[in-house]
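Undergrad: Structure in structure tokens, see below.
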Amino acid sequence: MTGGRTVKDLLAELAIDPETVLVIKDRTLLTRQERVEDDASIEIRPVISGGAGARRPRMTCRRCRRPAVIELRRHNAAFCQPCFTKHFRDQVTRAIKDFDMLEPDDRVLVAVSGGKDSLALWDVLLDLGYHATGMYLGLGIGEYSDRSGEVARRFAEERSADLLHIDLRNEYGFDIPSAGTKGSRSTCSVCGLSKRYLFNRVALDHGFDVVATGHNLDDEAATLLGNTLRWQTEYIARQFPALTAKEGLVKKVKPLHRLSERETAAYAFLQGIDYVVEECPLVAGNTQLRYKDTLNHLEAGSPGIKAAFYLGFLDSAADRFRDEVAGEGDLVACSRCGQPTTGRFCAFCRARAQVLGERLAWPADSQLSRELAEEVLPVGVYGEAGRNR
Ligand code: SF4
Ligand code: ZN
């Protein structure tokens with residue numbers, strides 16, 4: 001490594017948590033702030049017995065004893081490629097069975113982003129023999145969206161699978177970057193609600209039985225952590241890997257919820273799936289990342305803690321929140337689009353109207369005025385007077 005830097009910088013480059021090691025030079029301990037010159041020789045010694053630094057990976061497959069290609073600390077196991085693929089499929093099969101996610105003849109709509117999770121999900125569902133059609137939603141996020149759409153199209157061609165392509169700008173008049181600058185919601189908030197709305201709507205319009213999404217264990221654990229920190233019990237109640245169909249709401253399932261992000265990435269890589277590795281350029285505003293970081297930090301010291309947190313929640317606590325499924329008791333049809341909602345207009349129609357600078361109804365409608373007044377309406381879209389009408 002190049003010297004002339006502090007111990008802290010060297011450890012950062014090696015992705016080593018300074019709390020887990022001693023840094024030694026000439027039998028002297030170095031602090032994080034000390035400088036290490038180019039020709040110096042240092043020892044980085046793990047201090048946690050049985051911890052990350054001292055551990056020796058098992059390099060043979062747990063099932064067949066052939067050389068392993070991946071080690072999973074959570075399972076205290078390593079797998080060769082065929083056995084890892086089997087492990088991955090077994091976890092998906094178990095998830096589907098445990099939560100009655102899919103029937104063999106179901107028409108499944110897979111929400112495809114072009115990333116590792118959604119393509120791994122689509123791949124494994126096709127391999128397991130399900131009728132799985134992909135749906136790619138074009139968000140209009142520059143080159144990132146162009147590449148994602150291309151990857152999804154290529155995957156569909158290679159697997160001879162059907163792909164629906166819906167473009168937000170062409171069909172609904174706005175894209176996600178503009179939504180982030182014009183509306184009162186954050187970019188990721190509009191993006192998330194647009195996805196939920198459109199996957200549901202397209203599934204209903206095309207007669208699909210179920211929507212499958214590629215949420216993995218890390219996603220679900222991070223969401224659960226965020227919901228728990230704020231005790232958002234209605235959201236916690238919806239954190240089930242399978243939500244049954246209701247009037248106007250198609251069934252939703254998350255067959256990858258038992259598999260970590262690293263496992264889905266490894267599966268996609270080993271299956272030869274070309275997926276978009278880059279993050280969405282707008283991800284900086286996504287609060288879920290902070291929760292993922294926190295959990296990864298915990299996981300580094302306690303392998304398996306993430307799974308214990310989320311899968312333990314499903315086993316021991318989720319049922320206690322089931323009565324609180326968020327506001328779905330009194331669903332009515334959105335006055336604009338007819339999709340189910342709890343107010344007069346659904347969140348998608350409201351967000352879209354804000355971005356496009358449209359009014360959803362005449363100002364004389366006092367009931368609506370009250371509803372809209374509860375939102376912070378951007379002056380640039382509604383004008384100053386629009387706030388109080
Ligand atoms: Fe959408 Fe935010 Fe995810 Fe980007 S990071 S795809 S804007 S939710
Ligand atoms: Zn609507």
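The values are calculated or read from the model by the stated rules, or taken from the named source; none is laboratory data. This is a predicted model, so every value here is computed, not measured. Note that we place each Cβ from the backbone using ideal geometry, even for glycine, and neighbour counts take in every protein chain shown.
Undergrad: One residue is enough: does segment 194-201 have a residue meeting the conditions touching a Pro at 6+ places or on another chain (Cβ under 8 Å), modelled with pLDDT of 95 or more and within 17 Å of G115 (Cα to Cα)?
TA: Among the residues of segment 194-201, not one is touching a Pro at 6+ places or on another chain (Cβ under 8 Å), modelled with pLDDT of 95 or more and within 17 Å of G115 (Cα to Cα), which makes the answer no.
Undergrad: I've got another one for you. Would you please name the residue that is nearest to ligand 1 (Cβ to nearest atom), looking only at residues in segment 255-286 that are under 15 Å from the mean Cα position of the chain (by Cα), outside any helix (DSSP H, G or I) and of a type in the set (A, V, I, L, M)?
TA: So, considering only residues that are under 15 Å from the mean Cα position of the chain (by Cα), outside any helix (DSSP H, G or I) and of a type in the set (A, V, I, L, M), the one nearest to ligand 1 (Cβ to nearest atom) is L282.
Undergrad: Mind checking which residues of segment 192-208 are out of contact with any Lys or Arg (no Cβ under 7 Å at 6 or more places or on another chain) and of a type outside the set (D, E, K, R)?
TA: Matches in segment 192-208: G192, L193, S194, Y197, L198, F199, N200, V202, A203, L204, H206.
Undergrad: Considering each residue of segment 119-143, count those that are aromatic (F, W, Y) and either over 17 Å from I96 (Cβ atoms) or surrounded by 24 or more Cβ atoms within 10 Å (Cβ to Cβ) (or both), and give that number. Write out each step before concluding.
TA: Residues of segment 119-143 that are aromatic (F, W, Y), as a first pass: 122, 130, 136.
Then drop every residue that is not either over 17 Å from I96 (Cβ atoms) or surrounded by 24 or more Cβ atoms within 10 Å (Cβ to Cβ) (or both), which leaves 122, 136.
Of the residues in segment 119-143, 2 are aromatic (F, W, Y) and either over 17 Å from I96 (Cβ atoms) or surrounded by 24 or more Cβ atoms within 10 Å (Cβ to Cβ) (or both).
Undergrad: Would you pick out the residues in segment 118-136 that are farther than 21 Å from F269 by Cα and in contact with an Asp or Glu (Cβ under 8 Å, 6 or more places away or on another chain)?
TA: Correct list: Y130, H131, T133.
Undergrad: Does L282 meet the test of being crowded, with 17+ Cβ neighbours inside 10 Å, closer than 20 Å to I16 by Cα and in the same structural domain as E158 (by TED's automatic domain parsing)?
TA: Against the criterion (crowded, with 17+ Cβ neighbours inside 10 Å, closer than 20 Å to I16 by Cα and in the same structural domain as E158 (by TED's automatic domain parsing)), L282 does not qualify.
Undergrad: Of the conditions (1) touching a residue at least 60 places away in the same chain (Cβ under 8 Å); (2) buried (at least 24 other Cβ atoms within 10 Å of the Cβ), R107 fails just one. Which one is it?
TA: Just one mismatch for R107, condition (2).
Undergrad: Counting only residues that are more than 14 Å from ligand 1 (Cβ to nearest atom) and more than 23 Å from S148 (Cα to Cα), give me the helices (runs of 4 or more DSSP H) lying completely in segment 160-254 with at least 3 of them.
TA: So the answer is 217-229, 233-237.
Undergrad: Among the residues of segment 171-202, which ones are within 16 Å of ligand 2 (Cβ to nearest atom) and among the hydrophobic types (A, V, I, L, M, F, W, C)?
TA: Those that are within 16 Å of ligand 2 (Cβ to nearest atom) and among the hydrophobic types (A, V, I, L, M, F, W, C): F174, A179, V190, L193, L198, F199, V202.
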